[in-house]
1. Test Ile512 against the criterion of being in contact (Cβ under 8 Å) with a residue 40 or more places away in the chain, in a helix (DSSP H, G or I), open to solvent by 50 Å² or more (accessible area, probe 1.4 Å) and not aromatic (Phe, Trp, Tyr), and give yes or no.
2. Go through segment 312-328 and give me each residue that's open to solvent by 30 Å² or more (accessible area, probe 1.4 Å) and either in contact with a helix residue (DSSP H, G or I) (Cβ under 8 Å, 6 or more places away or on another chain) or among the polar types (S, T, N, Q) (or both).
3. Could you please find all residues in segment 32-52 being farther than 23 Å from Ser120 by Cβ and open to solvent by less than 50 Å² (accessible area, probe 1.4 Å)?
4. Going by the structure shown, is Met134 more than 29 Å from Val508 (Cα to Cα), open to solvent by less than 10 Å² (accessible area, probe 1.4 Å), in a helix (DSSP H, G or I) and not aromatic (Phe, Trp, Tyr)?
5. Could you tell me whether any residue of segment 87-101 is of a type in the set (Phe, Trp, Tyr) and open to solvent by less than 20 Å² (accessible area, probe 1.4 Å)?
6. Which of (1) without any contact (Cβ under 8 Å) to a residue 24 or more places away in the chain; (2) in contact with a strand residue (DSSP E or B) (Cβ under 8 Å, 6 or more places away or on another chain); (3) of a type in the set (A, V, I, L, M) does Leu317 not meet, given it meets every other one?
7. Just wondering, is there one or more residues in segment 1-18 that are modelled with pLDDT under 70, of a type in the set (Lys, Arg) and not in a loop (DSSP other than H, G, I, E, B)?
8. Take the residues in segment 19-30 that are more than 17 Å from Trp453 (Cα to Cα) and at pLDDT 65 or above, then tell me which one is surrounded by the most Cβ atoms within 10 Å (Cβ to Cβ).
Amino acid sequence: MQSLRTVIFSPRTIMQWIVDSEFVNHDLLNYRCNVSGSIICDEPLRSCQYDPILSDDSSINATAKCGIEGMCYVCLHKALFPMIGSDVLMIAIFFACGVLAGAAGLGGGGLYVPILMLTSNFLIKEATPLSNAMVMGNYLAQILINVRRRHPHSKFRAMIDLDVPLMLLPAQLVGSAIGLLLAPILPATGIEILACLLLFVAATKTVMTAYKIFKKETVAAALKRQELLLNRMTHESAAANVAADDGKQERLLARQLRSESSASGGAGEASFYPILAPTSDADRTNSVLLTTTAEDLHRARVAYRRKSIWKIGGLVLTWLSFLGIFVGSSNTKGGRCSAGKLGWLFSQLIVPVCAVTGTAVSLLKGAYDHVEGRLPGDVVWTRRSVVMLPLLALLVGIVSGLLGIGGGELMAPLLLAIGMLPQCASSTSALMGLFTSCSNMAHYMIQGTLRPWSSYVYILGLVSFLAAFTGRIIALTVVTRLSHPSVLSFLLGFALYAGLVLLVVQIVGNPIDWSVDDLCGK
């Protein structure tokens, strides 16, 4: 491994150029810029610099891979510091995209990767790890806000539904590992076309779902306004009648209550007022909580918190298991199809199968039922759903691994499609995205991929964190004031369409590549 750094002195500034330390000397041939068909090195973001190590390599000179004279030049990218105008513009664009992604509940990987390539002239193998650093900062900011918020229909439960990650996250992690394995093998142009199709379908489906939710919210708001108006008119009429008869009706009502109370042993006052039958899931929830004693409610809260701790522990344990498997695989010598590599690969299936099976059995038995029962937007866990949803999560993971995104761009629309409320869907998707982005970051750190890009990682991660924090607060404030959670779904659809446009722009500038590599070739 080699980290190639060249310092260029000029009268105005000192420019530093870096290249990813993941590549060995011969891999740096992919960065050649002095032969036909090589990388285009545009100043001031990239510079074509002489590499003495490659030039002195006799095996390279013998094949004239660096030109007739054997002088090897490689295309190096500018370090973040000292910053120039294009760096400031890049940070400003990333802050705006981070606000949009945070408001929509996305990690923003579908936005960050194309922007890194278009505005800062990064290669795809450089942009993907840097994008993951920003995605992790984005999701971390969202979790800090979402973890303190309650369910829209209950002050008893959290907005994040931990049952969904327990079922879907293990399958998504396995799919992501499969996608990362297949990404270097499949044709780049085919993967790009697949990405465009999936983003278009996800964005369109999300907007249609948001429109349906918006219509329901509009009808519910109209009914609520009508009910408030009717109650107000009733109270005004009652007050007018009482004033007209100089308090006679009020005294008559009090006398009737006292007589019923004495006749029924003090229960007359409670039985006088009728109890309205619940007309919705929220009403049924309220009636259950009202008929529950304070002691039972306290026990239920303690049990809910205890179960939440166990669920979070299960998620962390699953993530650590995958991380340990990756470390073991990376330390095993041999190619992709060696016995050691295949053994570690198949061992990745053990953890998700056990985790998903155990969670499915508990959900079907009702072990995770809540004291207030089922709320609007809760996932109905049946034999069919505990099989189909993990398979869909596996597909989401494969696609996200192929495309180099965190998975939130596809997981959030999936959660909306199965009926979750927009607030709960975005919050739950953010929690899953935090685990997947942390897993990807751990992979890059173990491989040493991010070592030369430390300044970019810290600055861009901080910018993404602040932007997502700002966007999430703005979105939740708007939702609260407008009483339209569908705003989050519309923002999600808009963000997906924006990522689609950027991806199309990126594809237009790339050469067509339908080549397929050998799975066991490296």
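1. On the way: in contact (Cβ under 8 Å) with a residue 40 or more places away in the chain: yes; in a helix (DSSP H, G or I): no; open to solvent by 50 Å² or more (accessible area, probe 1.4 Å): yes; not aromatic (Phe, Trp, Tyr): yes.
In short, no.
2. Taking segment 312-328 and keeping what is open to solvent by 30 Å² or more (accessible area, probe 1.4 Å), we get 312-313, 316-317, 319-321, 323-324, 326-327.
Once the filter is applied, which keeps residues that are open to solvent by 30 Å² or more (accessible area, probe 1.4 Å) and either in contact with a helix residue (DSSP H, G or I) (Cβ under 8 Å, 6 or more places away or on another chain) or among the polar types (S, T, N, Q) (or both), segment 312-328 yields Trp319, Ser321, Leu323, Phe326, Val327.
3. Val35
4. Spelling it out, it is not the case that Met134 is more than 29 Å from Val508 (Cα to Cα), open to solvent by less than 10 Å² (accessible area, probe 1.4 Å), in a helix (DSSP H, G or I) and not aromatic (Phe, Trp, Tyr).
5. Initially, segment 87-101 is screened for residues of a type in the set (Phe, Trp, Tyr), giving 94-95.
Those still in the list that are open to solvent by less than 20 Å² (accessible area, probe 1.4 Å) too: 94.
Checked against the condition, which is being of a type in the set (Phe, Trp, Tyr) and open to solvent by less than 20 Å² (accessible area, probe 1.4 Å), segment 87-101 yields at least one hit.
6. For Leu317, the failing item is (2).
7. If we filter segment 1-18 for residues that are modelled with pLDDT under 70, which is where we start, we get 1-15.
Retained after the next criterion (residues that are of a type in the set (Lys, Arg)): 5, 12.
From what's left, not in a loop (DSSP other than H, G, I, E, B): 5.
Yes - at least one qualifying residue is present in segment 1-18.
8. Of segment 19-30, the ones more than 17 Å from Trp453 (Cα to Cα) are 25-27, 29-30.
Checking which are at pLDDT 65 or above leaves us with 29-30.
Numbers: Leu29: 18, Asn30: 13.
Filtering segment 19-30 for residues that are more than 17 Å from Trp453 (Cα to Cα) and at pLDDT 65 or above, the one surrounded by the most Cβ atoms within 10 Å (Cβ to Cβ) comes out as Leu29.
The values are calculated or read from the model by the stated rules, or taken from the named source; none is laboratory data. What you see is a predicted model; the values in this text were computed from it and never measured. All Cβ positions, even for glycine, are placed from backbone atoms using ideal geometry, and neighbour counts span all protein chains on display. Note: accessible area is taken over every heavy atom of the protein model, side chains too, but ligands, DNA and RNA are not part of it. Shrake-Rupley method; radii C 1.70, N 1.55, O 1.52, S 1.80 Å.
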